[in-house]
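Taking it in order: structure first as structure tokens, then the write-up.
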Amino acid sequence: MRRKLAAGNWKMNGLAPAMNEADALQAAHRNTDIDILLCPPATLLHRLSGRLAGSPIATGGQDCHPAESGAHTGDISAAMLVDAGATHVILGHSERREDHGESSEDVRAKARIAIEAGLTAVICVGESETQRDAANTLDIIAGQLAGSIPDIANASNLVIAYEPIWAIGTGKVPTLDQIGEVHDFIRARLERRFGEGVGLSTRILYGGSVKPDNATDIFEVSNVDGALVGGASLKAVDFSLIIKALEAAGKH
Ligand code: 13P
């Protein structure tokens, strides 16, 4: 069975006081039976990893460079993320694909080196509103999956996050049918490429305006194994409610 995963992406948010949110989260979920992941800005990663050591909350980076090391001012290598205590890294987020012109090929190269460094790659895919309106969603997702996932991926070093770009930070959420359609499609593509074993055990997260008040419904959708949460992961009270909704999913 797939273990559920609640992941928080703090994006470019968080100064030293944000550590208090992590403390509160840790206190509230000492005995959780799901996986919890926080991806803070790089400046907080080492501190946060130390603070959360021994707790069920893992930490991750938000990007890494495809090279092992070298003359790349301002970039962070996969080994540096590991050195700072990370076990995961988000790759190919739409904000990086847009703001930094990252192609799926770039994402694949980053994912390969991240996995080789021992990290789990959380690879993001998702369509724009224009692409959805033109009924191109599944084609876009298929292309991003084929292009972004390296051949060395398997169920323990890969997580897919479906994040429709138009739902990120907007308060707009796809219908449950729309989420289910894309998640089922991603599952089928993973099975086709990697075989049933890997395909059925790789986790697929939904991301895009997940909040305490819509999480329960989203977590009942088929092939939704958790969430990648932006804004609502910044406050422990909100993220904690989402984590509780995921803990409860499928149990009634
Ligand atoms: P929001 O939850 O703020 O919509 O962000 C989603 C996201 O981009 C997570 O990576």
Please state which of the following conditions Val237 fails to meet, knowing it meets all the rest: (1) within 16 Å of the ligand (Cβ to nearest atom); (2) surrounded by 20 or more Cβ atoms within 10 Å (Cβ to Cβ); (3) not hydroxyl-bearing (Ser, Thr, Tyr).
(2)
Within the range 225-234, the residues that are within 14 Å of the ligand (Cβ to nearest atom) and either among the polar types (S, T, N, Q) or under 12 Å from the mean Cα position of the chain (by Cα) (or both) are Gly226, Ala227, Leu228, Val229, Gly230, Ser233
If we ask which residues in the range 202-224 are within 15 Å of the ligand (Cβ to nearest atom), touching a residue at least 60 places away in the same chain (Cβ under 8 Å) and assigned to a loop (DSSP other than H, G, I, E, B), their number turns out to be 1
Can you name the helices (runs of 4 or more DSSP H) wholly within the range 99-158 that have at least 1 residues being over 17 Å from Ile76 (Cα atoms) and either at pLDDT below 95 or out of contact with any helix residue (DSSP H, G or I) (no Cβ under 7 Å at 6 or more places or on another chain) (or both)?
129-133, 137-148
Count of the range 157-201 residues which are without any contact (Cβ under 8 Å) to a residue 60 or more places away in the chain and within 13 Å of the ligand (Cβ to nearest atom):
10
May I ask you to say which residue of Ala71, Ala24, Ala67, Ala28 is touching a residue at least 24 places away in the same chain (Cβ under 8 Å), small (Gly, Ala, Ser), surrounded by fewer than 18 Cβ atoms within 10 Å (Cβ to Cβ) and farther than 30 Å from Lys244 by Cβ?
Ala67
Filter the range 171-215 for residues that are within 18 Å of the chain's Cα centre (by Cα) and among the hydroxyl-bearing types (Ser, Thr, Tyr); the one that is farthest from Gly143 (Cα to Cα) is Ser209
Of all residues in the range 75-123 being among the aliphatic types (A, V, I, L, M) and in contact (Cβ under 8 Å) with a residue 60 or more places away in the chain, which is surrounded by the most Cβ atoms within 10 Å (Cβ to Cβ)?
Val122
Could you identify the single residue in Thr59, Thr32, Thr43 that is among the hydroxyl-bearing types (Ser, Thr, Tyr) and part of a loop (DSSP other than H, G, I, E, B)?
Thr32
Subset of the range 3-25 (residues that are of a type outside the set (A, V, I, L, M, F, W, C) and either under 15 Å from the mean Cα position of the chain (by Cα) or in a loop (DSSP other than H, G, I, E, B) (or both)):
Arg3, Lys4, Gly8, Asn9, Lys11, Asn13, Gly14, Pro17
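The values are calculated or read from the model by the stated rules, or taken from the named source; none is laboratory data. Remember, predicted model here, so these are calculated numbers, not experimental data. FYI the Cβ positions are ideal-geometry reconstructions off the backbone, even for glycines, and counts take in every protein chain you see.
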